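Step one of this worksheet: look at the structure below.
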Amino acid sequence: MSSAFRSIPSVDAVLGELGGNGSWPRALAVEAVRTAIAQAREAVREGGPSPDLATITAEAEAILAGLARPSLRRVVNASGVILQTNLGRAPLSERAMAAMAEAASDYTNLEFDLDEGSRGSRHEHVRDLLRRTTGAEDGLAVNNNAAALLMALQVFAQGLEVIVSRGEAVEIGGRFRIPDVLRQSGARLVEVGTTNRTYVDDYAEAITDETAAILRVHRSNFQVTGFTARPELGELARLAHEHGALLLDDLGSGCLVETAEYGVGHEPTVRESLAGGADLALFSGDKLLGGPQCGLIVGRGDLVATLRRHPLARALRVDKLTIAALNATLMAYVAGTEREEIPVWRMLALEREQLEPRARAWAEAAGAGGRVVESRTMIGGGAAPGAGRTSWCAALRPERGAEWLARALREAEPPIVARVEGGEALLDPRTVSEGDDGHVAATIGGLMGPGSSADSQP
Ligand SMILES: *Cc1c(COP(=O)(O)O)cnc(C)c1O
């Protein structure tokens with residue numbers, strides 16, 4: 001036992017072997033070597049043989065390589081969920097990426113009025129495009145939709161009451177809860193109705209002189225089915241306005257186009273919300289809009305102007321890269337090219353026939369354990385739950401189990417994210433760019449195809 005410990009190489013011996021990795025600062029190299037040696041000692045303590053110099057050196061090199069690898073990495077989303085908050089939601093269009101790169105590479109007129117040669121406002125850059133794409137009088141971009149909601153409530157309802165249906169006082173995800181945001185804003189939550197049914201009379205009975213706003217929240221991650229009731233937006237608008245209160249509409253995804261044209265259910269659009277009487281509509285930039293992370297507040301000009309002047313507008317402001325990407329994304333809607341340009345819509349528009357051969361190629365790479373199945377691509381985050389389109393997926397059933405395969409796929413470079421369902425790993429080509437098809441096939445082939453380690457299992 002003790003001789004096994006004694007034969008573990010010294011830090012200096014391993015450092016000498018690292019050689020080519022001398023480009024690392026010495027302190028980092030020493031730290032990696034110490035970690036590798038500690039792991040070797042642990043292995044010996046558990047009764048294993050003493051790892052040799054080459055093994056420990058390789059381990060130290062792997063630790064250093066891991067250090068160099070960025071924490072935030074590109075992944076291939078084969079999960080079949082178009083808007084995955086955990087995977088960073090919407091991928092950007094080419095036009096948005098180019099605009100970001102241009103803005104990043106040099107100085108910009110972010111807060112500089114080129115006509116006057118004097119100080120300008122960053123908020124000016126987004127107003128016109130937000131007006132054009134939503135029909136609003138004015139618009140403002142902040143850090144994200146949670147920030148937009150917090151800001152609207154704090155500015156217009158601090159110390160006052162906000163009425164919310166019990167069916168909408170929900171958790172959106174990541175422990176983001178509407179009642180918590182309300183409390184944080186300093187507004188008092190007045191819940192009305194029941195989880196499944198809320199009538200306009202429920203709101204009417206709760207309205208007092210202290211009511212600043214009625215808040216509507218899009219049920220973006222759950223469905224209430226069966227015996228349900230929910231007032232029309234227009235009814236709530238009339239009621240709020242009769243009492244001098246505001247109607248705030250948290251739309252979640254904030255769709256700018258008719259989703260029914262893509263073969264999925266109708267999502268409320270921003271234009272509908274404003275036409276229906278909402279004073280302000282709030283939505284995310286990186287959900288169905290298909291742009292960068294931000295929160296958009298559009299609606300009445302006087303209200304947006306008040307928000308823009310508030311100190312929170314400074315605290316929650318977006319940077320030049322977000323403005324560049326947002327405007328390039330909105331421009332696609334103005335030009336009517338969102339279906340071709342914006343990845344979210346491009347993916348949704350793909351026909352099943354286009355997906356079948358791609359799914360088949362992946363299934364064939366897996367050999368006997370692979371087949372092609374019909375499945376659904378879900379829109380995900382912020383759109384109606386259950387909204388999606390039928391796809392063809394590769395369904396893989398390796399000897400070692402679907403969870404093993406899903407894990408092995410995540411270890412690929414770039415990592416591939418599949419979903420596990422009914423003992424199979426499902427890979428949906430709709431959310432994968434065609435440029436990654438070969439990588440997915442090769443990775444599956446290496447793990448499950450003829451001659452792979454899994455294939456040779458008994
Ligand atoms: C997603 C969502 C939010 C939060 O938006 P973020 O941009 O993630 O801050 C708020 N409300 C609803 C209804 C949502 O769907």
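No value in this document is a laboratory result; all are computed from the given coordinates. Owing to the predicted nature of the structure, the values given are computational and were not obtained by experimental measurement. Positions of Cβ are generated from backbone atoms using ideal geometry, with glycine treated the same way; all protein chains shown enter the neighbour counts.
For this structure, a couple of remarks:
- Inverse of mean 1/r across different Cα pairs in the chain, Kirkwood, Å: 25.4
- Helix 124-134 and the longest principal axis of the C-alpha atoms of the chain enclose an angle of approximately 80°.
- The helix-only estimate of mean residue ellipticity at 222 nm for the chain, built from DSSP H runs of length n ≥ 4 each weighted as -39500 (n - 2.57), is -12500 deg cm²/dmol after division by the residue total.
- Taking the inverse of the mean 1/r over every pair of distinct Cα atoms in region 191-310 gives a Kirkwood hydrodynamic radius of 15.4 Å.
- Label point of residue 108 set 7 angstrom out along Cα-Cβ; within region 320-345, amide nitrogens under 15 Å from it belong to 320-331.
- The order of the peptides 150-156, 11-17 by mean Cβ neighbours within 10 Å, most packed first, is 150-156, 11-17.
- Folded to 0 to 90 degrees: helix 320-335 orientation relative to the chain principal axis, Cα: 70
- Those chymotrypsin sites (Phe, Trp or Tyr not before Pro) in region 158-223 that DSSP places in a loop and that have at most 13 other beta carbons within 10 Å: 222
- Region 398-416-region 326-374 distance, computed between alpha-carbon centres (Å): 22
- Inter-label distance for residue 43 and residue 261, nm, one decimal - labels placed 7 Å from Cα along Cα-to-Cβ: 6.0
- Least to most buried among 243, 125, 218 (fewest other Cβ within 10 Å first): 243, 125, 218
- Helix axis angle, 352-365 relative to the chain longest principal axis, alpha carbon, degrees: 20
- Segments 161-174, 27-40 sorted - mean Cβ within 10 Å per residue, highest first: 161-174, 27-40
- Sites matching trypsin sites (Lys or Arg not before Pro) across region 395-436 that sit in DSSP coil, with at most 15 neighbouring C-beta atoms within 10 Å: 400
- Cα-only Debye scattering, region 2-68: base-10 log of I(q)/I(0) at q = 0.16, 0.18 Å⁻¹: -0.47, -0.58
- Counting DSSP beta bridges with both ends in the chain, the antiparallel % (nearest 5): 55
- Taking the convex hull of Cα positions in region 93-341, its mean projected area over all directions (nm²): 14.0
- Relative contact order of the chain: 18 percent, from C-alpha pairs under 8 Å at least 6 residues apart in sequence.
- A viscosity of 0.890 mPa s and a temperature of 25 °C, combined with the Kirkwood radius over Cα pairs in Stokes-Einstein, give a translational diffusion coefficient for region 159-226 of 198 µm²/s.
- Label point at residue 306 placed 7 Å out along Cα→Cβ; residues across region 111-142 whose backbone nitrogen lies under 16 Å: 137-140
- Span from the region 20-80 Cα centroid across to the region 133-178 one, whole angstrom: 46
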